[in-house]
1. Filter the chymotrypsin sites (Phe, Trp or Tyr not before Pro) in the stretch 58-129 down to the DSSP loop ones having no more than 16 other Cβ atoms within 10 Å, then list what survives.
2. Less than 15 Å Cβ to Cβ from residue 9, Lys/Arg counted +1 and Asp/Glu -1: what total charge do the surrounding residues give?
3. Taking the simple approach of a point 7 Å from Cα along Cα-to-Cβ for both residue 88 and residue 52, what is their distance in nm?
4. Using DSSP loop states and a limit of at most 10 other Cβ atoms within 10 Å to flag GluC sites (Glu not before Pro), what is the longest stretch of the chain containing no flagged site?
5. For the chain, what's the relative contact order in percent, using C-alpha pairs closer than 8 Å and at least 6 residues apart?
6. Take the solvent-accessible surface of the protein heavy atoms, probe 1.4 Å, and return the percent of it on the stretch 61-129 that carbon and sulfur atoms account for.
7. For residue 32, what is the net charge nearby, where nearby means another residue's Cβ is under 13 Å from its Cβ and Lys, Arg count +1, Asp, Glu -1?
8. Could you check the spin-label model distance between residue 4 and residue 108? Points 7 Å from the Cα along Cα→Cβ, value in nm.
Amino acid sequence: MLSQHTPVATLPTRDLAKARAFYEDRLGFTPERESVAGVSYKSGDAMVFVYQSEYAGTNKATAVSFDVPLAAFDDEVQALRQKGVSFMTFEAEGLEWNEGVASMTGEDMKSVWFADPDGNVINVSAGEM
């Protein structure tokens, strides 16, 4: 069954060179595989595949989430800020925002959202939502 296999996050881009600069220079990914179809990056036990598509930028919802340990969250956020990543905020019941970082009252959870050059929304979360 599919539930026993590791999924691959698949993200479209209109400009593969620009997307590679973002994923490699800003997010710190190292290419695992490259082909005419796109580039694959290893992330934990999974993969992120970035490929050329005319439909890039049409999804307005979160495309991929990265779960990090709560103890590492602040360092991850700081590293992203140092690379020029800007965080998104939005209205959602129960979320409180502090400098682009979302948390929930009474919950041990932190989360940020940002977009890649094509508008694919990426989430980094720690704790339970």
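1. Answer by residue number: 90.
2. So the environment of residue 9 carries a net charge of -3.
3. 2.6
4. 1-53
5. Across the chain, relative contact order equals 26 percent.
6. 46
7. 0
8. 3.3
The values are calculated or read from the model by the stated rules, or taken from the named source; none is laboratory data. Keep in mind that this is a model prediction, so the values were computed, not measured. Ideal geometry is used to build each Cβ from the backbone, glycine not excepted, and the neighbour counts take in all protein chains shown. All accessible areas refer to the heavy atoms of the entire protein, side chains included, with ligands and DNA or RNA removed. Shrake-Rupley method; radii C 1.70, N 1.55, O 1.52, S 1.80 Å.
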